[in-house]
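To start, the structure under review is shown below, and the notes come after it.
The values are calculated or read from the model by the stated rules, or taken from the named source; none is laboratory data. This one's a predicted model, so the numbers in the text were calculated from it and none came from an experiment. Counting neighbours? That spans all protein chains shown, and the Cβs are built from the backbone with ideal geometry, glycine included.
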Amino acid sequence: MANLPKQFDSFNEARQKGFINAKELKESGKKMVGVFCTFTPVEIPMAAGATVVGVCGVSEEPIPDAEKVLPRNLCPLIKSSYGHAITDTCPYFYFSDLLIGETTCDGKKKMYEELAKVKPTYVMHLPNTAKGEFAYKLWKDEMVKLKDEVEKSLGVTITEDDIRAAIKDKNEERELLKEFYALGKLQPSALTGLELHNVLYQAGFKFDRTELKQSLRKVIDDMKERYEKGECPVTKDKPRILITGSPIGGISEKIVKTLEDAGASVVAYELCGAIRSNDLLVDEETEDVYDALTQKYINIGCSCMMNNDHRIELLDRIIDEYNVDGVIDVVLQACHTFNIESYRVREFVTKEKNKPFMSLETDYSKSDTEQLRTRFEAFVEML
């Protein structure tokens, strides 16, 4: 029987519910695999019959515990993830049979070394570039190695037909998410940026795949019906903002709500877990399933890649398709790759797309909220 953590009674109702749901899942005989990043080919653990869930990493609550091991001047997402793991405050860490990491940034690579002392952790080795035969072969080999590791860790056998079924399942989810994002293309947008972000975030924590897709379908239909009735939460005069950069799950209220309170409408997110990760589908017609997975996942436009042209190409499309008025690049503290790449994004947005651009660096604390409010108000007024 799966046991709850000792401090379970001290958790709030939402967290208790998360633990109980995860406990019931484990007691039903299902395996749980925790993942950190959109580079992880979730189709492989899905093909093993496992429930794949994004692990917690969006709260500043466990950061003080993490800082007993990790440096203070480290990315808050990394510290939050590790802090949840060592304090048993995240149900998805606590009940995971296996964690899958990846060598995207130096901070996560070193954090995984410590995490492996707490939970079985497997790390995929991502190439530093998406270009060239060597990078492609390396990443394809990593797909096969992951399949072998999942089989070994979960005590299962994964066939190529299992992977094909998982690819089809995950593609169906991506298609729904893309239809959901497209509501932001309407003028005015059919939903607020906070509504958009919250649906995307919550989708990562639903265990039942059928229920997840049904709930996304219902949200899309409900939003369209609301829009057609003229019950739109956004007015047409609000400037349309694209948010790009680091993951913002831990700062969505501080960034998105404050920005929209300043008079903007956030219509799109070029972020991990949003358009960046779901723009490309896995080709279901490719004969070799590992080729199909490699082609999709190596082309995610993350700043950890050298010569990250895919991100610029995606930004180009989003700015046009969503009729964006301004772009805000959000960088988490100590996220060096996104911080450095912010210059290239600025040059592209301001010189090639002729759009106003703003970059900001922040962490999970609320101490800079008023400063951000002032900057957002000035940016929106300029638009």
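When you go through (1) over 30 Å from residue 307 (Cβ atoms); (2) among the hydroxyl-bearing types (Ser, Thr, Tyr); (3) more than 18 Å from the chain's Cα centre (by Cα) one by one for residue 122, which number turns out not to apply?
In the conditions (1) over 30 Å from residue 307 (Cβ atoms); (2) among the hydroxyl-bearing types (Ser, Thr, Tyr); (3) more than 18 Å from the chain's Cα centre (by Cα), residue 122 misses (1) alone.
Assess whether residue 27 counts as being more than 18 Å from the chain's Cα centre (by Cα), surrounded by fewer than 23 Cβ atoms within 10 Å (Cβ to Cβ) and within 26 Å of residue 159 (Cα to Cα).
yes
Residue 201 is checked against (1) part of a helix (DSSP H, G or I); (2) at pLDDT 95 or above and fails just one. What number does that condition carry?
Of the numbered conditions (1) part of a helix (DSSP H, G or I); (2) at pLDDT 95 or above, the odd one out for residue 201 is (2).
All but one of (1) on the phi > 0 side of the Ramachandran plot; (2) touching a Cys at 6+ places or on another chain (Cβ under 7 Å); (3) not small (Gly, Ala, Ser) hold for residue 88; state the number of the condition that does not hold.
Every condition holds for residue 88 apart from (2).
Would you tally the residues in region 60-111 being buried (at least 19 other Cβ atoms within 10 Å of the Cβ), of a type in the set (S, T, N, Q) and over 18 Å from the mean Cα position of the chain (by Cα)?
2
Any chance region 147-164 includes a residue that's within 20 Å of the chain's Cα centre (by Cα), in contact (Cβ under 8 Å) with a residue 60 or more places away in the chain and closer than 30 Å to residue 196 by Cα?
no
Just checking, which of 245, 249, 301, 273 is at pLDDT below 95, closer than 28 Å to residue 135 by Cβ and in contact with a Leu (Cβ under 9 Å, 6 or more places away or on another chain)?
273
Having 3 or more residues that are surrounded by 15 or more Cβ atoms within 10 Å (Cβ to Cβ), on the phi < 0 side of the Ramachandran plot and out of contact with any strand residue (DSSP E or B) (no Cβ under 8 Å at 6 or more places or on another chain) is the bar; report the helices (runs of 4 or more DSSP H) wholly within region 220-297 that clear it.
Filter on region 220-297 gives 289-297.
What is the number of the single condition among (1) in contact with a helix residue (DSSP H, G or I) (Cβ under 8 Å, 6 or more places away or on another chain); (2) over 22 Å from residue 250 (Cα atoms) that residue 30 does not meet?
Result: residue 30 fails condition (1) only.
Quick check on residue 36: is it surrounded by 19 or more Cβ atoms within 10 Å (Cβ to Cβ), farther than 17 Å from residue 206 by Cβ, in contact (Cβ under 8 Å) with a residue 24 or more places away in the chain and aromatic (Phe, Trp, Tyr)?
yes
Kindly indicate the residue of region 176-198 that is in a helix (DSSP H, G or I) and of a type in the set (A, V, I, L, M) and also surrounded by the most Cβ atoms within 10 Å (Cβ to Cβ) among those meeting that condition.
196
Just to be sure before I move on: is residue 322 crowded, with 21+ Cβ neighbours inside 10 Å and assigned by TED's automatic domain parsing to the domain that holds residue 261 in the structure I sent?
It is true that residue 322 is crowded, with 21+ Cβ neighbours inside 10 Å and assigned by TED's automatic domain parsing to the domain that holds residue 261.
Could you give every pair whose Cβ atoms fall below 7 Å, whose first residue belongs to region 192-211 and is under 20 Å from residue 19 (Cα atoms), and whose second residue is in a helix (DSSP H, G or I) and of a type outside the set (Gly, Ala, Ser), counting only separations of at least 6 or pairs across chains?
Here the result reads 203/212; 203/216; 206/212; 207/21; 207/25; 209/169, each pair linking region 192-211 to a residue that is in a helix (DSSP H, G or I) and of a type outside the set (Gly, Ala, Ser).
Picking from 133, 173, which residue would you name as being surrounded by fewer than 19 Cβ atoms within 10 Å (Cβ to Cβ), touching a helix residue (DSSP H, G or I) at 6+ places or on another chain (Cβ under 8 Å) and either under 27 Å from residue 242 (Cβ atoms) or at pLDDT 95 or above (or both)?
The match here is 173.
Does any residue in region 347-370 that is among the aromatic types (Phe, Trp, Tyr) come within less than 6 Å, Cβ to Cβ, of a residue that is assigned to a strand (DSSP E or B) six or more places away or on a different chain, and which pairs are these?
357/327
Go through the residues of region 336-353 one by one and say whether even a single one is buried (at least 18 other Cβ atoms within 10 Å of the Cβ), part of a loop (DSSP other than H, G, I, E, B) and touching a helix residue (DSSP H, G or I) at 6+ places or on another chain (Cβ under 8 Å).
No: zero hits.
Among the residues of region 357-372, is any polar (S, T, N, Q), modelled with pLDDT of 95 or more and in contact with a Phe, Trp or Tyr (Cβ under 9 Å, 6 or more places away or on another chain)?
Yes, the conditions are met somewhere in region 357-372.
Of everything in region 1-58, what is charged (D, E, K, R) and in a helix (DSSP H, G or I)? Give them in sequence order.
Passing the criteria: 9, 13, 15, 17, 23, 24, 26, 27, 43.
Could you check, for region 132-148, whether at least one of its residues is hydroxyl-bearing (Ser, Thr, Tyr) and either at positive phi or not assigned by TED's automatic domain parsing to the domain that holds residue 39 (or both)?
No, region 132-148 has no match at all.
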